[in-house]
Amino acid sequence: MKRIRFHAAVLLGATLLPLPACDGIFDGIYDTYQIVTAENCESITVDGTDYTRWNYISLKTQKTTAVRILNQEGDEEPWDQEGSLPAEWDIAIHRYDVKTNGGAVLETSYASMDELLNSGSIPAGEYAEDIETTDRIAIDMSDMMNGNIIYAKSSYNEVLSRWLNVDTSTMPPIYTMSNKIYILRLQDNTHAAIHLLNYMNEKNVKGHMTFEYLYPLEKAFQ
């Protein structure tokens, strides 16, 4: 298994707190729940609280499919016995990280869909494809206090995953949304605009990812 050991200094004060404190005890103090969707945008919320879960999403149909990560090799099975592996998908979310289905992503300077649409065209620039990783997709945090985290092999999109920064150098961690619009170029060369709205639900439980999007973006600029 892929294990990463880090020094106790990274978890300063963590030995004084039970593990759930990272996600629960300070909820509602530093973070507040708020979701405001822009006009003409679709929005999707997925449950990313389980570290062994990928949520596959089709932007075309708004269908979400959950799968379970079985091992460090990244093998998957349907989340439910009645479920199936996704036949069609555009992005997938694991906790706060994102991968694409052969797509590429551009981070813009726009902070709202209105700003993007007022620009008059789909932004040009260097679109980043997914990269392979063996130390990003954590699937087992049970031994974290002893410095061990188990990761699964996977691809992920480094640029789109910037939509949320989690600073674990302090306890509790500091969550900061980029508040930027990201442009996803899909496999068929159509485009979507994506904007993270929140990373927790109405009970302030982190890992519930809500984002808004415009697709196809070409139509929005007509």
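Scan segment 112-155 for residues that are assigned to a helix (DSSP H, G or I) and either more than 19 Å from N40 (Cα to Cα) or of a type in the set (D, E) (or both) and jot them down. Write out each step before concluding.
Our first condition is that a residue be assigned to a helix (DSSP H, G or I); within segment 112-155, this holds for 113-118, 144-146.
Across segment 112-155, the qualifying residues are D114, E115, M144, M145, N146.
Applying the selection to segment 201-222, what residues are closer than 13 Å to M113 by Cα and assigned to a loop (DSSP other than H, G, I, E, B)? I'd like the intermediate steps shown before the answer.
Of segment 201-222, the ones closer than 13 Å to M113 by Cα are 211-215, 217, 220-221.
The answer is Y215, F221.
Tally the residues that are in contact with a His (Cβ under 9 Å, 6 or more places away or on another chain) and either among the aliphatic types (A, V, I, L, M) or more than 28 Å from E129 (Cβ to Cβ) (or both), restricting the search to segment 188-201.
2
So in segment 120-151, with the set limited to residues that are out of contact with any strand residue (DSSP E or B) (no Cβ under 8 Å at 6 or more places or on another chain) and surrounded by 14 or more Cβ atoms within 10 Å (Cβ to Cβ), which one is farthest from T190 (Cα to Cα)?
Out of the qualifying residues, it is M145.
Yes/no matrix, rows are residues, columns are (1) in contact with a Leu (Cβ under 6 Å, 6 or more places away or on another chain); (2) at pLDDT 95 or above:
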position: I35; (1), (2): yes, no
position: A38; (1), (2): no, no
position: V46; (1), (2): no, yes
position: E88; (1), (2): no, yes
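Of all residues in segment 99-119 being among the small types (G, A, S) and within 23 Å of the chain's Cα centre (by Cα), which is surrounded by the fewest Cβ atoms within 10 Å (Cβ to Cβ)? Show your work before the answer.
First, pick out the residues of segment 99-119 that are among the small types (G, A, S): 102-104, 109, 111-112, 119.
If we keep only those that are within 23 Å of the chain's Cα centre (by Cα) as well, we get 102-104, 109, 111-112.
Details: G102: 13, G103: 23, A104: 18, S109: 10, A111: 13, S112: 13.
Only one residue fits best here, namely S109.
Looking at (1) in contact (Cβ under 8 Å) with a residue 12 or more places away in the chain; (2) in contact with a strand residue (DSSP E or B) (Cβ under 8 Å, 6 or more places away or on another chain), can you tell me which one N204 breaks?
(2)
Within the set of pairs 6 or more residues apart or between chains, which connect a residue that is touching a residue at least 40 places away in the same chain (Cβ under 8 Å) inside segment 122-148 to a residue that is among the aromatic types (F, W, Y) and assigned to a strand (DSSP E or B) with Cβ atoms less than 7 Å apart?
From segment 122-148, the pairs are T134/Y151; D135/Y151; I137/Y151; I137/Y156; A138/Y151; I139/Y151.
Looking only at segment 156-200, which residues are farther than 12 Å from I91 by Cα, outside any strand (DSSP E or B), in contact (Cβ under 8 Å) with a residue 60 or more places away in the chain and under 11 Å from the mean Cα position of the chain (by Cα)?
Across segment 156-200, the qualifying residue is only W163.
Which condition number does K206 fail, the rest of (1) closer than 23 Å to R95 by Cβ; (2) surrounded by fewer than 15 Cβ atoms within 10 Å (Cβ to Cβ); (3) touching a Gly at 6+ places or on another chain (Cβ under 9 Å) being met?
Of (1) closer than 23 Å to R95 by Cβ; (2) surrounded by fewer than 15 Cβ atoms within 10 Å (Cβ to Cβ); (3) touching a Gly at 6+ places or on another chain (Cβ under 9 Å), only one is false for K206: (2).
The values are calculated or read from the model by the stated rules, or taken from the named source; none is laboratory data. Values in this document were obtained by computation on a predicted structure and should not be read as measured data. Please note: Cβ atoms are built from the backbone with ideal geometry, for glycine as well, and neighbour counts cover all protein chains shown.
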